[in-house]
Amino acid sequence: MADTDWHLTGLNFSACNCDWGCPCQFNALPTRGNCRATVAFKIDKGHFGGIKLDGLKAVALAAWPGAMHEGNGEILALVNERADAKQREGLCSRSSRASTASPAPRSSTSSRWW
């Protein structure tokens, strides 16, 4: 699968159940064995492939039984109503790493979006 060119600039606020520093962001194991996270962001300027994402806002609630990069998680994404279907699809594809390079090895596991 070819990687999709993407770039985001804006604000990001996140919190998880791990110790400060979020080990999952460094392909390490979660502090307490699983990952529960909330992420909110406002995209000032961005794109996913040819899809512009400027001005979009979203919140995601996520849960993984282990580390994020191991997959098998569930994510509830709330994207503001200003986004059209292609923009929502681009944001979800980016967040799930379905079409972008991942620092973690790709496997047959995946995360489910609600």
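We did not get these values from a lab; they are worked out from the coordinates using the rules stated. It should be emphasised that the depicted structure is a prediction, and the values quoted were computed from it without experimental measurement. Glycine gets a Cβ as well: all are built from the backbone with ideal geometry, and neighbour counts include every protein chain shown.
Order of 48, 26 from fewest to most other C-beta atoms within 10 Å? Walk me through the intermediate numbers first.
Numbers: 48 22, 26 9.
Result, fewest neighbours first: 26, 48.
Counting other C-beta atoms within 10 Å, which of 89, 70, 81 has the fewest, and how do the rest follow? Please report the intermediate quantities before stating the final value.
On the way: 89 13, 70 19, 81 6.
So the ranking, lowest neighbour count to highest, is 81, 89, 70.
Counting other Cβ atoms within 10 Å of each Cβ, which trypsin sites (Lys or Arg not before Pro) in region 1-97 have at most 13 and sit in a DSSP loop? The partial results should precede the final answer.
Numbers: sites: 32, 36, 42, 45, 52, 57, 82, 86, 88, 94, 97; in loops: 32, 82, 97.
The qualifying sites are 32, 82.
May I ask you to evaluate 6.51 cos²θ - 1.76 cosθ + 1.60, the Karplus curve with θ = phi - 60°, for each residue of region 50-65 and list the ³J(HN,Hα) values in order in whole Hz, giving x for glycine and proline?
x, 8, 6, 10, 3, x, 7, 10, 7, 10, 10, 10, 9, 8, 10, x
Taking the simple approach of a point 7 Å from Cα along Cα-to-Cβ for both residue 88 and residue 29, what is their distance in nm?
A separation of 3.8 nm, rounded to one decimal place.
Kindly put 7, 47, 69 in sequence by how many other C-beta atoms sit within 10 Å of each C-beta, fewest to most.
Numbers: 7 10, 47 17, 69 22.
Going from least to most buried by this count: 7, 47, 69.
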